[in-house]
Each structure stands twice: as C-alpha cells, then as structure tokens.
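Q: Following this message is one structure expressed as structure tokens.
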C-alpha cells in the first residue's frame, strides 16, 4: 500500500513538469521564496520551537486558468534535537478573490498539497548503545492553507496561514511572468 502511495505522489509531482504545450499556451508562471514557522513536525514530535530552523521553501506555480494553479514545492526543516525533513510536494491553489483592476492588486487564495518528505533521524547518531529505532526514510506529508493573501502584480509579497509541513504561518516574495509559447502557428 505504501508503495502505491509513493507512486501516486510521484505521478502527481511529474504533472507540474509537463511541457507547457500540454496546457494553455498563454499561461503565466510564478516562482517564490518563502519561510514558515511552527510546522506540523514540531507539533507532532513535541519539540520546543527554539530547536527548529524554520521552513525555507522554493515554489513554482503554473496558471492553468486565472483562478487555478498547479505547481511544486521544495521545503526543508531542521529540528536540531530530532532530525531534518526535506519535502517535495505538488501543490494546487484556487483564487477566490482578485481585484486585478485596482491600483494595488490583492489576491486571496487557498492552497493544498500532498507529497513526500525524506526524514533523516539524528537520534541514532548520538549514542551507539541506544535502542532507538531509525525512523529515517520517505514519508507521506501534506499541507492545507485555507487563507493566503498576495499583494502586488509581477513582484509581490504573500502570507499564508495553514497546517502542515510549511508551518502555521509562512510568508515570502513571488515573481509572476508570462511563459512564452514554444510553437507558433502560422496562418
């Protein structure tokens, strides 16, 4: 069963890397760098928050429509007294408010992602005589952000509130750009 979940998540992540010609030719893309606090790993493991590195993230999104994006998130967190988490997850967003005609553009959206995280267990390296089982390996992970806000047009700042590997709060900067069509039809 676990193998089927891994294959499903891998297939979902590959969708974001399909050639642009398989989607709308005139879509836009967005890249972002962000940082999150209080991830689900800190809550589940009961770790004090001062041992977490926070969650730096890189995200790529492709606009399938004006309201829907599909993308890929890469995130990393280091809990110094527990282990480190490297996450790869496809992400979908849905925009429920956009005042694109206003002087200052404000977008509100929700996001969800399910993917894999690779855990590196630090406890097994502390004491060779301990009876701690090595929990290192790939695990299923996810994140849900019911509220996100982005302010700006091409270059913008954003903040999200959610629960999962990105953290309870995450914020960052993003840049939107038009993707060029690979093929031009001649009339």
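The values are calculated or read from the model by the stated rules, or taken from the named source; none is laboratory data. Owing to the predicted nature of the structure, the values given are computational and were not obtained by experimental measurement. Positions of Cβ are generated from backbone atoms using ideal geometry, with glycine treated the same way; all protein chains shown enter the neighbour counts.
Q: Can you find a residue in the range 100-114 that is modelled with pLDDT of 90 or more and under 15 Å from residue 55 (Cβ atoms)?
A: Yes - at least one qualifying residue is present in the range 100-114.
Q: Of the residues that sit in the range 136-151 and are more than 16 Å from the chain's Cα centre (by Cα) and assigned to a strand (DSSP E or B), which one is farthest from residue 99 (Cα to Cα)? I'd like the intermediate steps shown before the answer.
A: First, the residues of the range 136-151 that are more than 16 Å from the chain's Cα centre (by Cα): 136-138, 151.
So of that shortlist, the ones also assigned to a strand (DSSP E or B) come out as 137-138, 151.
Numbers: 137: 44, 138: 41, 151: 10 Å.
So, considering only residues that are more than 16 Å from the chain's Cα centre (by Cα) and assigned to a strand (DSSP E or B), the one farthest from residue 99 (Cα to Cα) is 137.
Q: Now for a separate question. Would you be able to tell me the number of residues in the range 76-122 that are in contact with a helix residue (DSSP H, G or I) (Cβ under 7 Å, 6 or more places away or on another chain) and under 14 Å from residue 61 (Cα atoms)?
A: 2
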